[in-house]
Amino acid sequence: MRADYDSEGDTVQIDLAPVDRVDYGDDTVDDGLVIGMCDGKPVRIDVIGTGGDLGASLRRAGERFGLDSEALLAAARAAVAAPDREVVVDVGSRAAA
């Protein structure tokens, strides 16, 4: 997944899948999290304002859409750590216990 933190706008955009378009009717998880959908699947997450609890918002998104919230949080944190540049995060599957 790719993520980018816009330090001027204080927003993080996480692209879950490469798409040419995001459908209208984006789904809002809470006041600061908007999910972009394409063909009924989540493809982009926009985090508006990073001062709140990123983990809680991304966990809610993960639960609602069946996404890996730990990977989402890793991508968001990596983007904030490298502002105004795109970061790529590759998170593998959990190892078998």
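Observations
- Selection of segment 53-62 for residues being buried (at least 19 other Cβ atoms within 10 Å of the Cβ) and under 18 Å from SER7 (Cα atoms) yields only LEU54.
- Only one of the listed residues (PRO42, PRO18) is in contact with a Phe, Trp or Tyr (Cβ under 6 Å, 6 or more places away or on another chain) and free of Cβ contacts under 8 Å to residues at least 40 places away in the same chain. That residue is PRO42.
- Top-ranked residue in segment 42-97 [being of a type in the set (A, V, I, L, M, F, W, C) and part of a strand (DSSP E or B); ranked as nearest to ALA17 (Cα to Cα)]: VAL43
- Within segment 6-41, tally of residues that are at pLDDT 85 or above and assigned to a strand (DSSP E or B): 13
- Scan of segment 45-89 for residues that are at positive phi and either in contact (Cβ under 8 Å) with a residue 60 or more places away in the chain or of a type in the set (D, E, K, R) (or both), ordered by number: ASP84
- Consider segment 38-52 and keep the residues that are among the charged types (D, E, K, R) and within 9 Å of the chain's Cα centre (by Cα). The one that is nearest to TYR5 (Cα to Cα) is ASP46.
- Restricted to segment 63-97, and to residues there that are within 11 Å of the chain's Cα centre (by Cα) and more than 24 Å from SER7 (Cα to Cα), the residue that is surrounded by the most Cβ atoms within 10 Å (Cβ to Cβ) is LEU67.
The values are calculated or read from the model by the stated rules, or taken from the named source; none is laboratory data. These numbers were taken from a predicted model, which means no experiment stands behind them. No Cβ is skipped: glycine too gets one built from the backbone with ideal geometry, and neighbour counts run over all protein chains shown.
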